[in-house]
Amino acid sequence: MIADLKPYPKYKYSSVSWLGEVPEHWATKRLKWSAMLNPSKREVHTSLTGDTLVTFLPMERVGTDGSIDAREVIPASKVWNGFTYFRREDVLVAKITPCFENGKGASLVSLPTEVGFGSTEFHVIRAKSSMLPKYLYRMTTLEEFRSSGADAMTGAAGQQRVPLHFIANFSIAAPPLPEQAAIVRFLDHYDRKIRRYIRAKQKLIKLLEEQKQAIIHRAVTRGFDPNVRLKPSGVECLGNVPHHWDVRPAKYFYREVDERTMTGGEELLSVSHITGVTPRNQKNVTMFMASSYIGHKLCRPGDLVINTMWAWMAALGVARQTGIVSPSYAVYRPFRSTGLLGEYADLLLRTNPYVGEYVCRSTGIRSSRLRLYPEQFLRIRIVCPPVNEQKAILARLASEIRDRQEAIAGAQREISLLLEYRTRLISDVVTGKLDVREVAARLPDEADDAVPLNELDTFVDGDEDATDDPGDTPEEAEV
């Protein structure tokens, strides 16, 4: 059906360089003529009581694919001061880097409450009568909107924000309302199909990852000899290990180091529970960046880096290069005489038995904010095979998981290509390069599919952890 799409019969020049030609009957206007920007909460001052339930949306509950996690519904009194006000059918756009560039935003047509509050790092756009909210949201997802907004940002490095005047003066293509409805219907339909396909691929990737992790777990905690004599490991969830393996507290293998950067110019590293310690430029970062990295912790090749607050998610790994990490991380340097190989430790310390140890030894009053402090980590018993056996295990592991890694990489490539296609399709339809009116009229009615597209490599990084908490209310920001 998509193959049947054709351009409109007649076009005209829009006088907007990025739009080029638009259908002859479309209008071109600045966004402020079609929408209200950052409406004031004074409009509900008299109708909203303190115990009225409202939806709360911190930045991390708004996706880069238009999805929202609206599970938190709380009394308005908890969020009236210090948070951004919005209503059902408004459009949210993140204003801070890199959230804006990464596409964080949503159309709130399915907001469970009439009124909501969220992060002060959102701009709120409310469609006027000449524009449908869902069509307005699609305009804000265009690459041209994101790239132009990034160029217009102001503020200190790492804390730059898109100014409101950029959004107000951004030129958009505005078809008649019935045509907007057809475009929204068409894009919603094919978005659902693309999401279903991607979710199927994501489930396959998850299954392959689980199989790979099971192979790794067996290899690094028991080896490949089924007849080996065993002994208790001393790690509750680990059970028995080969009798000839060394088992000692982590303090015999590592010492904590606190080395700081003087310039902040070293490679910035992120910590993933899937890939360990890797350069941040290889990640799809969606959280805040620090304005300066001077004074951040340095780590060297072979150092073990643990995100103290997210150890319970296995957010740790062994560094393969010199770089800088958050000051809130713990960096442990191996003793040269221990014989524990960094590549082996990188796999071992992210297995489920060790994650269980981190949870048991962490402290904190909230499960999502448990902290694993050095004195507790250094007490955890680490199993260490002889060096030659570690090398043999690593070599055989590489062979046994190669086919699964290749299958995972292939599925990830398919997802990337489909996301690129989705981006191009949305752009071509919303800017009038393709006419979808006839196709949209023939589409079946379907229930909305709001399940988000999952991140394939979720990672956490202390200096990126920008969480809005209604229990800690900041001063109300001006808009």
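The values are calculated or read from the model by the stated rules, or taken from the named source; none is laboratory data. In this text, all values refer to a predicted model and were calculated from it rather than measured experimentally. Cβ coordinates were reconstructed from backbone atoms using ideal geometry, including for glycine residues, and neighbour counts include every protein chain displayed.
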If you go through the range 50-63 one residue at a time, do you hit one that is in a loop (DSSP other than H, G, I, E, B), touching a residue at least 12 places away in the same chain (Cβ under 8 Å), in contact with a Pro (Cβ under 6 Å, 6 or more places away or on another chain) and surrounded by 14 or more Cβ atoms within 10 Å (Cβ to Cβ)? yes
I'd like the residue in the range 314-336 that is among the β-branched types (V, I, T) and in contact with a Cys (Cβ under 8 Å, 6 or more places away or on another chain) and, out of all such residues, is farthest from P374 (Cα to Cα). T322
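Would it be correct to say that F335 is buried (at least 18 other Cβ atoms within 10 Å of the Cβ), under 23 Å from R381 (Cβ atoms) and among the aromatic types (F, W, Y)? Steps first, answer last, please.
On the way: buried (at least 18 other Cβ atoms within 10 Å of the Cβ): no; under 23 Å from R381 (Cβ atoms): yes; among the aromatic types (F, W, Y): yes.
So F335 fails the test.
What about R222, is it of a type outside the set (G, A, S), in contact with a Phe, Trp or Tyr (Cβ under 9 Å, 6 or more places away or on another chain) and closer than 22 Å to G339 by Cα?
Values: of a type outside the set (G, A, S): yes; in contact with a Phe, Trp or Tyr (Cβ under 9 Å, 6 or more places away or on another chain): no; closer than 22 Å to G339 by Cα: yes.
In short, no.
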Restricted to the range 64-82, and to residues that are part of a helix (DSSP H, G or I) and touching a Gly at 6+ places or on another chain (Cβ under 7 Å), which residue is surrounded by the fewest Cβ atoms within 10 Å (Cβ to Cβ)? S77
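Yes or no, residue by residue, for (1) in a strand (DSSP E or B); (2) among the charged types (D, E, K, R); (3) within 28 Å of R42 (Cα to Cα):
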residue	(1), (2), (3)
G103	no, no, no
P112	no, no, yes
R126	yes, yes, yes
M139	no, no, yes
I167	no, no, yes
P178	no, no, no
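Would you check if G82 is small (G, A, S), in contact with a Cys (Cβ under 9 Å, 6 or more places away or on another chain) and more than 12 Å from T55 (Cα to Cα)? Talk me through it step by step, then tell me what you get.
Details: small (G, A, S): yes; in contact with a Cys (Cβ under 9 Å, 6 or more places away or on another chain): no; more than 12 Å from T55 (Cα to Cα): yes.
When the stated conditions are applied, G82 does not pass them.
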Starting from the range 91-117, take each residue that is of a type in the set (D, E) and list its partners that are assigned to a loop (DSSP other than H, G, I, E, B) and surrounded by fewer than 19 Cβ atoms within 10 Å (Cβ to Cβ), counting only C-beta distances under 6 angstrom and pairs at least six apart or across chains. E114/R88
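Restricting to the range 33-49, name every residue that is of a type outside the set (S, T, Y) and in a loop (DSSP other than H, G, I, E, B). Let's see the steps before the verdict.
Just the residues of the range 33-49 that are of a type outside the set (S, T, Y), to begin with: 33, 35-39, 41-45, 48.
Once the filter is applied, which keeps residues that are of a type outside the set (S, T, Y) and in a loop (DSSP other than H, G, I, E, B), the range 33-49 yields N38, P39, H45, L48.
Looking at this structure, is R248 without any contact (Cβ under 8 Å) to a residue 60 or more places away in the chain, touching a strand residue (DSSP E or B) at 6+ places or on another chain (Cβ under 7 Å) and within 30 Å of A314 (Cα to Cα)? Let's see the steps before the verdict.
On the way: without any contact (Cβ under 8 Å) to a residue 60 or more places away in the chain: no; touching a strand residue (DSSP E or B) at 6+ places or on another chain (Cβ under 7 Å): yes; within 30 Å of A314 (Cα to Cα): yes.
Spelling it out, it is not the case that R248 is without any contact (Cβ under 8 Å) to a residue 60 or more places away in the chain, touching a strand residue (DSSP E or B) at 6+ places or on another chain (Cβ under 7 Å) and within 30 Å of A314 (Cα to Cα).
Restricting to the range 313-328, and then to whatever is of a type in the set (V, I, T) and closer than 20 Å to Y293 by Cα, can you tell me which residue is farthest from the chain's Cα centre (by Cα)?
Taking the range 313-328 as the starting set, the residues that turn out to be of a type in the set (V, I, T) are 318, 322, 324-325.
Okay, now just the ones that are also closer than 20 Å to Y293 by Cα, so 322, 324-325.
Numbers: T322: 25, I324: 21, V325: 18 Å.
Filtering the range 313-328 for residues that are of a type in the set (V, I, T) and closer than 20 Å to Y293 by Cα, the one farthest from the chain's Cα centre (by Cα) comes out as T322.
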Residue by residue through the range 20-32, note down the ones that are within 30 Å of Y85 (Cβ to Cβ) and outside any strand (DSSP E or B). L31, K32
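Determine whether E236 is of a type in the set (D, E, K, R) and under 27 Å from E406 (Cβ atoms). Don't jump to the end; show me each part of the working.
On the way: of a type in the set (D, E, K, R): yes; under 27 Å from E406 (Cβ atoms): no.
No: the conditions fail for E236.
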Residue hits (the range 343-362; at pLDDT 95 or above and among the small types (G, A, S)) are A345
Any chance you could count how many residues in the range 223-281 are part of a strand (DSSP E or B) and not aliphatic (A, V, I, L, M)? 16
Which one is farthest from G239 (Cα to Cα) among residues in the range 346-375 that are hydroxyl-bearing (S, T, Y) and in contact with a Ser or Thr (Cβ under 8 Å, 6 or more places away or on another chain)? Y373
Just need a number here: residues in the range 363-406 that are polar (S, T, N, Q) and either surrounded by 13 or more Cβ atoms within 10 Å (Cβ to Cβ) or at pLDDT 95 or above (or both). 4
T154: closer than 30 Å to N281 by Cβ, β-branched (V, I, T) and either buried (at least 23 other Cβ atoms within 10 Å of the Cβ) or under 23 Å from the mean Cα position of the chain (by Cα) (or both), yes or no? no
Any residue in the range 103-119 that is surrounded by 23 or more Cβ atoms within 10 Å (Cβ to Cβ), farther than 18 Å from I426 by Cα and touching a Pro at 6+ places or on another chain (Cβ under 7 Å)? yes
Considering each residue of the range 83-99, count those that are assigned to a loop (DSSP other than H, G, I, E, B), surrounded by 20 or more Cβ atoms within 10 Å (Cβ to Cβ) and at pLDDT 95 or above, and give that number. 3
